[in-house]
There are 2 protein chains.
Amino acid sequence: MFQFEEIGYVESCYKERFGTPRQAILVPSSWGIIHLRPELNLQDGLEGLEGFSHLWVIFVFHQNTNKNIKMKVHPPRMQGEKTGVFATRSPHRPNPIGLSAVKIEKIEGLKIFISGVDLVDGTPVLDIKPYIAEADSLSETRSGWLPSPAAHRLEVEFAPEALLDLQRLRPIPQHEPERFLQLMQLIRGTLQLDPRPTFYKGTNEQPNPYTNVYGFCLENLNIVYRMEGQTALVIKLEETGK
Amino acid sequence: MFQFEEIGYVESCYKERFGTPRQAILVPSSWGIIHLRPELNLQDGLEGLEGFSHLWVIFVFHQNTNKNIKMKVHPPRMQGEKTGVFATRSPHRPNPIGLSAVKIEKIEGLKIFISGVDLVDGTPVLDIKPYIAEADSLSETRSGWLPSPAAHRLEVEFAPEALLDLQRLRPIPQHEPERFLQLMQLIRGTLQLDPRPTFYKGTNEQPNPYTNVYGFCLENLNIVYRMEGQTALVIKLEETGK
C-alpha cells in the first residue's frame, strides 16, 4: 500500500463531470487554476516551471461514485462496445489516478493558471511535472480502437435567446471584450466534443422531460442545449446560483 | 490522504538506479516486463491494449532513500545549478510518483513486454494507460532549462578485452545472433547518456580507487568502463552473481 497526500487542488471552469472533456488540450479555451496547499511550503518547488509551456497533472478521480471496478468498460467514443479498462483513460480503474497534459498560462505565487483542461472543479492533485517533448511527445504512435477525433465534432450554434442570456449574465467587459468571445469559445469547444453519455448518442432516448434537451455547468452558468441531428443548439443560459 | 495498492511491478534490464536512463524512450534497446499481480484478476483489463504502440506507466520511485524532500534540486543536466523540484522529473518529490511513456512490444497473459524503459528492476506500478497522441503528443512545447539532448551524448567504445568478456558470458546465440547485437546496443545506449552523477562530470574526482573507472549493472552483468575525455571505454564485463 502506498499513501499520498494531495499537494493541491484544481479550480476549473467545469463544475461537474458532465460536460468535462474526456481528454485535456481538446478545448483550448477551457481554464483552470492549480492551487498548491500553502501549509506544505512548496513555493520554491515551482522555480523554473515558468520556462515550460506545458505541465503534466497527476490527479485523483475524486468524483468516482461506483466502487465496483469493472475490467471492461464502455469508452464514450466506442459507440457502445466494450474494451479493457487499461486500454482506456476511463476514471473507473483499479487505482483512480488521472493524467493530463495542460498548458501553463502563468504562475502567481502558489497558483498555476492552466488551459486546455479536462479536470473537474475540486480535483485533488498528487503531482505536477514539466512536459518534456523529447520523452513525452512521441511520433509514429498507434492508438488502437480510437477513431479520429475530428470525426466526432458536433456543430454548435447559439439561438438568439441564448445570446441575449449571455449578454445579460456576462455583460461584455469594456476593457476586455475578448472575455465575452472566450466564454462563447469555451461553450462551443465543450459542446463540439458531444458530452452526452454514449447511451444517448444516435438514439431517441429522452434524458429529461424536454425532448433532446441537455444541460451542463460551466463556470457558474447552466448551459441548456437541444440536439438537432449533429448540431448542438444552445437555447438558454442561467446562473447556477452556486 | 489517498491509498493505492500496486497493480504489478516492473522487471527491467536496469538492476540498480545507477545507469538507469533519466527519461524513457532514450535507449530504445532497453527492455522491461510489467508483471500484473495475478491475485487482482486484471486479465480482462488488458483487452484492446495490444492495439496501442505506447503505454504510460505511473509508478512509485521505490528506491528513494532520502526522506527529506527538498524544494530545490540539482537535475543531472543542469551542471550543478539548482531549480524547483516541480520544474524537474526528479524522483525526490513530495509524492514520489513517476511517469514514463514506453513502447509496447507484446502482451502475453499478465505480462506486458516493453522497451525504451527508464524503470529500475522491482518498480511498483500504480497504473498503466494507453498513450493517445491527440492528447499526449504535443507540438510547439517549450522545455525551460533543459539543454538539447543531443549535446550530451558520449562516445562509447569497447576495448578488445570487453568484447571477449561479452562473448564468453553471453555466447552469440546460433538462432538469434541479433540478441548479441542488442546487448551491445543496450550498453552503448545507456552509456551515451552519461549516467555519472553531476558531481563527477567534467571534474577529476575519483569515485573509486581506479582513476575515472565506473561500473553499473545491466541485466546480470556488471559493466566496467573508463572515462577518457568524452568517450566511455568499456573495459570489462563480469557476472554480478545476482
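Near B:Ser12, within a Cβ-to-Cβ distance under 12 Å, what is the net charge of the other residues, with Lys and Arg +1 and Asp and Glu -1?
Net local charge, B:Ser12 excluded: -3.
On average, how much accessible surface per residue is there in the protein assembly as shown, in Å², for a 1.4 Å probe, leaving out ligands, DNA and RNA?
On a per-residue basis, 46 Å².
Apply the a/c threshold of 1.5 to the C-alpha gyration tensor of region B:27-126 and tell me whether it is rounded, prolate or oblate.
Since a/c reaches 1.5 and a/b is larger than b/c, the shape of region B:27-126 is classed as prolate.
What relative contact order, as a whole-number percentage, does region A:1-137 give when Cα pairs under 8 Å and 6 or more residues apart are counted?
43
Out of A:Ser137, A:Ser53, A:Ser100, any idea which swings most in a Gaussian network model of chain A, alpha carbons joined below 10 Å?
Looking only at A:Ser137, A:Ser53, A:Ser100, the biggest GNM fluctuation is shown by A:Ser137.
If I build a Gaussian network model for chain A, linking alpha-carbon pairs within less than 10 angstrom, which residue out of A:Leu164, A:Leu40, A:Leu154 has the largest mean-square fluctuation?
A:Leu40
Using a ≥ b ≥ c from the Cα gyration tensor of region B:1-63 (square roots of the eigenvalues), is it rounded, prolate or oblate, where a/c under 1.5 gives rounded and otherwise the larger of a/b and b/c decides, a/b for prolate?
Cα axes put region B:1-63 in the oblate bin.
Distance from the Cα centre of region B:90-142 to that of region B:5-28, in angstrom?
First find each Cα centre; the distance between them is then 10 Å.
With each run of n ≥ 4 DSSP H residues scored as -39500 (n - 2.57), what mean residue ellipticity at 222 nm is computed for chain A after dividing by its residue count and rounding to the nearest 500 deg cm²/dmol?
Per the formula, -3500 deg cm²/dmol.
Please label the shape of chain A as rounded, prolate or oblate, based on the square roots a ≥ b ≥ c of the eigenvalues of the alpha-carbon gyration tensor (a/c under 1.5 means rounded; beyond that, a/b larger than b/c means prolate, else oblate).
Note, shape of chain A comes out oblate.
Can you give me the Cα centroid spacing of region A:215-241 and region A:73-87 in angstrom?
Comparing the Cα centres of region A:215-241 and region A:73-87, I get a distance of 27 Å.
Under the 0.36 nm per residue contour assumption, what length would be gained going from the current alpha-carbon distance of B:Glu134 and B:Phe180 to full extension?
That pair, B:Glu134 and B:Phe180, stretches by 12.9 nm at full extension.
List the distances, in nm to one decimal, from the label point of A:Glu50 to the label points of the same position in every other copy, shortest first, placing each label point 7 Å from Cα along the Cα-to-Cβ direction.
In ascending order, 5.1 nm.
What are the distances, in nm and sorted shortest first, from the label point of A:Phe113 to the label points of the same position in each other copy, with each label point placed 7 Å from Cα along the Cα-to-Cβ direction?
5.0
Sticking with the crude label model, points 7 Å out along Cα→Cβ, report the distance from B:Gln79 to A:Asn68 in nm, one decimal please.
So the label points at B:Gln79 and A:Asn68 sit 6.1 nm apart.
For a quick check, take a GNM of chain A with Cα springs below 10 Å and name the residue from A:Phe59, A:Phe180, A:Phe216 with the largest mean-square fluctuation.
Of A:Phe59, A:Phe180, A:Phe216, the Gaussian network model singles out A:Phe180 as fluctuating most.
Determine the dipole magnitude for the protein assembly as shown: charges of +1 sit on the beta-carbon of Lys and Arg, -1 on that of Asp and Glu, nothing else is charged, the reference point is the Cα centre, and the result goes in debye to the nearest 20.
Rounded to the nearest 20 debye, it is 300 debye.
Using only alpha carbon positions, build the gyration tensor of the protein assembly as shown, then give the equivalent ellipsoid semi-axes as the square roots of 5 times its eigenvalues, largest first, whole angstrom.
Over the Cα atoms of the protein assembly as shown, the ellipsoid semi-axes are 46, 26, 19 Å.
Say the cut-off is 23 Å between C-alpha atoms; which of A:Lys72/B:Lys106; A:Lys111/B:Lys103; A:Lys67/B:Lys129; A:Lys67/A:Lys111 go over it?
A:Lys111/B:Lys103; A:Lys67/A:Lys111
Please tell me the relative contact order of chain A in percent, rounded to the nearest whole number, where contacts are Cα pairs under 8 Å and at least six residues apart.
Here the relative contact order equals 26 percent.
The values are calculated or read from the model by the stated rules, or taken from the named source; none is laboratory data. Note that the structure is a prediction, hence the values are computed from the model and not measured. With ideal geometry, Cβ positions are generated from the backbone for all residues, glycine too; neighbour counts draw on all protein chains shown. Accessible surface areas use protein heavy atoms only, side chains included; no ligands, DNA or RNA. Shrake-Rupley method; radii C 1.70, N 1.55, O 1.52, S 1.80 Å.
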